[in-house]
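Shown next, in structure tokens, is the structure this report addresses.
The values are calculated or read from the model by the stated rules, or taken from the named source; none is laboratory data. What you see is a predicted model; the values in this text were computed from it and never measured. FYI the Cβ positions are ideal-geometry reconstructions off the backbone, even for glycines, and counts take in every protein chain you see. Accessible surface areas use protein heavy atoms only, side chains included; no ligands, DNA or RNA. Shrake-Rupley method; radii C 1.70, N 1.55, O 1.52, S 1.80 Å.
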Amino acid sequence: MSAESLRILLRGGRVMDPARRLDLTGDVLLVGGRIAYAGPPLDPREAEADQIFDATGLVIAPGFIDLHCHLREPGQEAKETIATGTRAAARGGFTTVCAMANTSPPIDCRPLLEYVQQTARREGVVRVFSLAAMTRGLAGQELTEMAELAAAGAIAFSDDGVPIASSRIMRAALAYSRLCGRPIMPHCDDPELLAGGTMNEGPVAACLGLKGIPAAGEEAMVARDLALAALTGGRLHIAHVSTAGAVDLIRRAKARGVAVTAEATPHHLALTDAWVAGHRWEGHGQPYDTSTKVNPPLRSEADRQALLAGLRDGTIDAIATDHAPHTLVDKLCPYDEAAFGISGLETALGTLLRLVEHGELTLDLVIEKLTIGPARVFGLPYGTLKPGQAADVVVFDPQTTWVVDPTRFASKGRNTPLAGQRLRGRVEATFVGGRLVHQTEEFAARQTRALVTR
């Protein structure tokens, strides 16, 4: 039976939809690939369905939206493909992902953008939107044909991974963002301060003898880009905010009416630069573990606390994974030579629920920043369980614990500092447009039991 005609009932779960301020024990009914109902328990006469899942003890929420992930295709298929990356997304509860443009070659022209779109439709198991490069070849010298790319479906523009050194180019990009109606998403760092750095500049870097990346580099570029956004009236989205100073700058800019949004990653919200020295939640790891090398780097505890405060007060609009898969060779080398990046789609929820467990964030806020928050940032018609909307749904168990085993990832990227760590919270099922694209054996058994008892 096709998803277009299937009736699926998720029964008796904790239904949470921050977009509707909905948090209650009830049912969600999916009909024909759309949300038909989400609310208190249905009358048995209204609850007839082709498939019934007992969701008792589970949370039912809108499918997560990731504004920032690297699917690596075209050109870097040894690291990830659209097929493997979207399967990893489904396992993480993400029903929509936005693929970054720094592929090889970069997505800087219409044919390459259309290649990603066509491949995603053919091989992807979740929704894929593609960003386009801001400058040709990510060289920072000449803008791409932004209007043409926007018309072809580019969701935003970014040279992520390569800071835009030229203020003239950045000003022009922000001015064009008004014309094409798409946000500009820069990698905010001073290239000269970034050069040669491997981790956060501070006491830990000094003890390890590693060259640091100062917080000032990020903050200087955030300040510049906010000033240019105010000058041009352009639409600015700050990627992977990592420092206390950057959070404060964005907060002040929003208060002045600057059109800016911002995101933070699970790893910057939960981990610090102490992990580079071997700190772990459970046990002690090896120092210089290259799986901790990421750009921007894991920062100090003070920075982490500032990011959490920014989420709570609305300065930071969304949580995005910055999923950056790499091959073993990319990471199995000295720290200075290793590639930047953490594979994060499959560990995002568990990482964030640890913060909920320790009282640093609330569950409804985490769900908001994974659903309606990112939907609003890029103007996407998802992130809610409102009847009539696409049946993009995640079902997760907030209590189940599991140990991170990268060898079992759907992603080709095994590069996570969380290997061997115990996380609380597991995605049990993911639906995209009413189609079940991921389920655990335990969740499948819930359907079997429900059908037997009907």
Subject >> For LEU174, net neighbour charge (Lys/Arg +1, Asp/Glu -1) across residues whose Cβ lies under 10 Å away >> reply: +2
**OP:** May I ask you to list the residues of region 58-74 whose amide nitrogen lies under 19 Å from a point 7 Å from Cα along the Cα→beta-carbon direction of TRP281?
**Re:** 59
Original post:
Per residue of the chain, what 222 nm ellipticity follows from adding -39500 (n - 2.57) for every DSSP H run with n ≥ 4, rounded to the nearest 500?
Top reply: -9000 deg cm²/dmol
Subject >> Relative contact order %, the chain, counting alpha carbon pairs below 8 Å whose residues are six or more apart >> reply: 20
Subject >> Packing-based ranking, highest mean first, of 223-229, 205-211 given that Cβ atoms within 10 Å are counted >> reply: 223-229, 205-211
**OP:** Measure off, as a whole percent, the carbon and sulfur share of the 1.4 Å-probe accessible area of the chain, all protein chains present.
**Re:** 51
Subject >> region 151-193 - convex hull of the alpha-carbon atoms, volume per residue in Å³ >> reply: 64
**OP:** Give me the Debye-computed log₁₀ of I(q)/I(0) at q = 0.06, 0.12 Å⁻¹ for the chain, equal point scatterers on Cα only, no solvent, two decimals.
**Re:** -0.24, -0.99
Original post:
Does anyone have the angle between helix 348-357 and the longest principal axis of the chain? Alpha-carbon axes, 0 to 90°, nearest 10?
Top reply: 80
**OP:** Roll a 1.4 Å probe over the protein chains and send me the accessible area per residue for region 84-171 in Å².
**Re:** 36
**OP:** Binning at 5 Å from 0, report for region 181-266 what percent of all alpha-carbon pair distances ends up in each bin.
**Re:** 3, 15, 24, 22, 16, 9, 6, 3, 1, 0
Subject >> Inter-label distance, nm, simple model (7 Å from Cα along the C-beta direction), LEU328/GLU441 >> reply: 2.6
**OP:** Return one number: the angle in degrees, 0 to 90 and rounded to the nearest 10, between the long axis of the Cα atoms of helix 244-255 and the longest principal axis of the Cα atoms of the chain.
**Re:** 70
Original post:
In square nanometres, what is the average projected area of the Cα convex hull of region 178-220?
Top reply: 3.9
Original post:
Mind checking the angle between helix 215-232 and the chain's longest principal axis? C-alpha axes, 0 to 90 degrees, to the nearest 10.
Top reply: 80
Subject >> Ratio Rg/Rh [Cα only; Rh per Kirkwood] for region 274-314 >> reply: 1.07
Subject >> DSSP-assigned coil residues among GluC sites (Glu not before Pro) in region 1-65, each with at most 13 further Cβ atoms within 10 Å >> reply: GLU4, GLU48
Original post:
Taking square-rooted eigenvalues a ≥ b ≥ c of the alpha carbon gyration tensor, is region 234-318 rounded, prolate or oblate, where a/c under 1.5 means rounded and, failing that, a/b exceeding b/c means prolate?
Top reply: prolate
Original post:
Say each of ARG256 and ALA206 gets a label point 7 Å from the Cα, pointing the same way as Cα to Cβ; how far apart are those two points in nm?
Top reply: 3.3
Original post:
Taking a ≥ b ≥ c as the square roots of the eigenvalues of the Cα gyration tensor of region 79-219, is the shape rounded (a/c under 1.5), prolate (a/b larger than b/c) or oblate?
Top reply: oblate
Original post:
How big is D for region 128-208, in µm² s⁻¹ as a whole number, if Stokes-Einstein is applied with the Kirkwood radius of its Cα pairs at 4 °C and 1.567 mPa s?
Top reply: 94
Subject >> Rough spin-label spacing in nm, given labels placed 7 Å along Cα→Cβ, for ARG121 and VAL403 >> reply: 4.5
Original post:
Does region 61-110 come out rounded, prolate or oblate by the C-alpha gyration tensor, with a ≥ b ≥ c the root eigenvalues, rounded set by a/c under 1.5 and, if not, prolate when a/b is larger than b/c and oblate if not?
Top reply: oblate
Original post:
Per residue, what volume in Å³ does the Cα convex hull of region 1-78 take up?
Top reply: 147
